[in-house]
1. Could you check the stretch 614-677 for helices (runs of 4 or more DSSP H) lying wholly inside it with 1 or more residues that are in contact with a Lys or Arg (Cβ under 8 Å, 6 or more places away or on another chain) and either modelled with pLDDT under 70 or surrounded by fewer than 22 Cβ atoms within 10 Å (Cβ to Cβ) (or both)?
2. Among Leu279, Leu235, which is the only one that is more than 30 Å from Gly338 (Cα to Cα) and buried (at least 23 other Cβ atoms within 10 Å of the Cβ)?
3. Given the residues Gln68, Gln94, Gln132, Gln60, which is the only one that is touching a helix residue (DSSP H, G or I) at 6+ places or on another chain (Cβ under 9 Å) and modelled with pLDDT under 95?
4. Would you be able to tell me the number of residues in the stretch 24-46 that are buried (at least 16 other Cβ atoms within 10 Å of the Cβ) and within 17 Å of Ala181 (Cβ to Cβ)?
5. Is it the case that the stretch 254-263 has a residue that's in contact with a Phe, Trp or Tyr (Cβ under 9 Å, 6 or more places away or on another chain) and within 15 Å of ligand 1 (Cβ to nearest atom)?
6. Taking the stretch 280-303 only, how many residues are near ligand 1 (Cβ under 9 Å from one of its atoms) and more than 26 Å from Gly330 (Cβ to Cβ)?
7. Would you pick out the residues in the stretch 586-602 that are small (Gly, Ala, Ser) and buried (at least 17 other Cβ atoms within 10 Å of the Cβ)?
Amino acid sequence: MPEPAKSAPQKAMEKLGLLRDIDLALHLPMRYEDETQLIPIAALRENEPAQVEGVVVDCQVELRSRRQLLVRVKDDSGTLLLRFLHFYPSQQKQMSAATRLRVRGEARVGFFGREMVHPVVKVVDEDTPLAQSLTPVYPASAQLPQAYLRKAVASGLARADLRELLPAGVVPQGLPGLKDALHYLHHPPPSASLAALEDHSHPAWQRLKFEELLAQQLSQLQAQRERALLAAPALRAHPGGLHEKLLAALPFQLTGAQQRVSEEIAQDLARPQPTHRLLQGDVGSGKTVVAALAAAVAIDAGWQCALMAPTEILAEQHFRKLVQWLEPLGLKVAWITGSVKGKARQKMLDAAGSGEAQLVIGTHAVIEDKVKFARLGLAIIDEQHRFGVAQRLALRNKLKAMDLEPHLLMMSATPIPRTLAMTYFADLDVSTIDELPPGRSPIVTKLFTESKRHDVVDKIRMAVADGAQVYWVCPLVEESEAVDLRNATETHAELSGELPGCSVGLLHGRMAAGEKAAVMAQFSEGAMRVLVATTVIEVGVDVPNASLMVIEHAERFGLAQLHQLRGRVGRGAKASVCVLIYSPPLSDTGKSRLKAMAETTDGFEIARRDLDIRGPGEFMGSRQSGAELLRFADLQEDAPLLVAARALAPRLLDEHPEAARRQVARWLGTKAEFLKA
Ligand code: ADP
Ligand code: MG
C-alpha cells in the first residue's frame, strides 16, 4: 500500500527532527503566553502583553491612508480599539457587533485612545473557561503553524516513554523528576515565574539540561572506549629520520608552543590506538608546519598521510608549501581536488592507491570512494569546523580494509576556551598553540563608516606606493550569490578606476579553479597589488607581504569570521592594518562585534567575546564536533551541571549500561552514531 502523502506541517516537523514521541516531548517552549488571566480594559498598560474580554461595539472597514479593519470592544471599565491592517472578510464577519471577544496583545495609547494592532482574537461565551496553564510557544517554522505544533507536542508528551532512567540519588539535589520537569515546562501553572522559565534557571530546566549534558557525556565516553579498542599503526619518528631532516631544513625555528604540540602529537602517533586530537591555534600561529612534522613521522614509519582542506585555494597553498618542504627530502606529494581531471587525476589516484605518493593533499575530493590509499596511517583535517561529521568519518574509514584505523589530527583556528574544551570533549584530546612566531607586528584595526570610503581608498593608494599588498573583502549575502558577485565585480571595477596604474585582481567562488589559482599565484608573487575577493580567502590564505585588509560591510560578518579574515594580514614583518567599513546604524551585537575587533587581536579573547555575544550553544554549535547536538545547556552557565554529568557518566556506563544506552538513545536518537567521528 502506498504511504499517505505527508502534509506540509508534517514535513516541517521532520525537518526540525521531530520524528519520535520523545523528540516532541523534548521540544521545549522558547517562551509562554499568559492566557490564564483577564484584566479590565482600563488597566491595560502601554506595551505590556495582556488579555482582556469585551463585547464588540462596532466593526468597520476604513479606507483612510490604507484599507484597515477597525473593531471597538467594550467591557465595564472602558473601550479598546483593535486595528487590523491585513484581514479576511471572514474576520470582519466573525467580529460583528455584540460578539464577545477574548483579545490578547500589547496595547498602545494612540490618538483614538487604547488600541491593539493585530491582537490574537477568540470568540467566546460568557462562561468560556480561561486557560489553566501558561500557553507554550515552540520553536516552529513557516510551514508549521504554532497551533498544529502545540497539538503534536501535547500528544507526543502524553505518549512518550518518560520513565526515569537514572538510579536514585545521582541527580543533583533539588531537581525534579524528568516527567514532572517536562510537564511543568510544557504547561507551567499560572503562578510560575516567567523569568525563571525564560532564562532557563528554573529547576525543571536544570533537570532537562542535566539530562542533555549527561547524554552527551555518555555518548562521547562510549565513543572513546570504543576507540580505545581499535588498533592503529604505531607511528614512531626515527632518530635522524625525516622528521629531523624537515626540522633542519625549515627556514625558521619552531616556537616553544609548536615544539610542545608537536611532541604531544608525536606521542599520540606512537601509540597503537587511533589518535583523536584537535590542534588549535590562532590564525597565523603556524599550524601547517606542525601538520607537516606529523606527516613526516607517519611517512618515516612507512605509512601514508592525507591532508584535507576545505577550499581549493587552501589545498593548493598547502600543496605548494609542503612540496617545497618535503620534495627536497625525496618525498612524493599527490594532489587531488575536484578540478584535477582526466589523466592527471588518474595519475594521482594511482599514486595514492599504490602507496607511491606518501602524502596526499586535497579538498573533499580526497574522501571520494574512488580515492584509495595503500597504507593510510594519518589523516589531517585543516579548518576542521568546515567539515561535517560524515566527512570526518569517511576519512577515517579509508583504512578499514586492514582492520586498522588511521590516526586523526584535526586543526582549527577558531579556538574554544581550554577549560571548556577539556570538560566538554570527553572524547577529544586538545593541543593548543598559544604563541605566535616571533617578529610579527600587531595588526591595528580601524573602523570607518561607509561615508568615509574615499579615505580608505587613499590609504590603499599610500600602502601600494609603499610596496604593500592589499585585500578588499566584499560580504556574502546569504541568499544571493548573484548579488555578491555583482558587488565584488562592481567594487573591482570601481577600485581599478580609482587606483590607476595599480594591478587590481578579482577572486570569487564562482571562478573556475584554474582561474582562481592563477589569480592567487599573481597575488602571491606580488605582480598583483590589490585583491578584491569574496570570503573565499577566509581560511588559510598566506601571503606575508599583504599588510592592509579592508572589509566592506563588516557588520554583516560574524566575529569569528572577521577574525579569520583579518588573520590574512600581519603575517610578515610589515606593520599591518585592518580597516572595517560599516554602514550605520549598527545593531547592539553588531556594535559589540566591531568593538571586540578594534580592541583585541587575540583569537582566544575573540572567542571569549563571541561566546558572550552569542552564547555558547550557538558558538559551539556551528563549530565543534558533537556540540551541534547541545540544544539547551549552556556550557559556561551550566558548568556545575556539566561537571556533575561528567562525573556520573563513567559510573552509569559501568554500573547501568542499559540505562546509559537508553539515555543516549532518548536524547540523540540516530545522531548518536555521528558523535563517534
Ligand atoms: P595557521 O596556523 O594560520 O595555519 P600557518 O601555518 O599558515 O598558520 O603559518 C603562518 C605563517 O607563519 C606561514 O608563513 C609560516 O611559514 C610562518 N611560520 C610558521 N611557524 C613559524 C615560526 N616558528 N617562525 C617563523 N615563521 C613561522
Ligand atoms: Mg592554516
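1. Helices (runs of 4 or more DSSP H) meeting the threshold: 616-621, 639-655.
2. Going through Leu279, Leu235 in turn, just one is more than 30 Å from Gly338 (Cα to Cα) and buried (at least 23 other Cβ atoms within 10 Å of the Cβ): Leu235.
3. Working: Gln68 fails: touching a helix residue (DSSP H, G or I) at 6+ places or on another chain (Cβ under 9 Å); Gln94 fails: touching a helix residue (DSSP H, G or I) at 6+ places or on another chain (Cβ under 9 Å); Gln132 fails: touching a helix residue (DSSP H, G or I) at 6+ places or on another chain (Cβ under 9 Å).
It is Gln60.
4. Step one: filter the stretch 24-46 for residues buried (at least 16 other Cβ atoms within 10 Å of the Cβ), giving 24-29, 32-36, 38, 41, 44.
Narrowing the set further to residues that are within 17 Å of Ala181 (Cβ to Cβ) leaves 24-29, 32.
Final tally of qualifying residues: 7.
5. No.
6. Adding up the residues that qualify gives 5.
7. Here is the first cut: in the stretch 586-602, the ones small (Gly, Ala, Ser) are 587, 590, 592, 596, 598.
Listed by number, the residues that qualify are Gly590, Ser592, Ala596.
Residue by residue, here is whether (1) closer than 18 Å to Asp34 by Cβ; (2) among the charged types (D, E, K, R); (3) in contact with a strand residue (DSSP E or B) (Cβ under 6 Å, 6 or more places away or on another chain) holds:
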| site | (1), (2), (3) |
| --- | --- |
| Leu101 | yes, no, yes |
| Ser133 | yes, no, no |
| Tyr138 | yes, no, no |
| Ser141 | no, no, no |
| Val153 | no, no, no |
| Ala160 | no, no, no |
| Val170 | no, no, no |
| Ala181 | no, no, no |
| Leu185 | yes, no, no |
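The values are calculated or read from the model by the stated rules, or taken from the named source; none is laboratory data. Keep in mind that this is a model prediction, so the values were computed, not measured. So basically every Cβ, Gly included, is an ideal-geometry build from the backbone, and we count neighbours across all protein chains shown.
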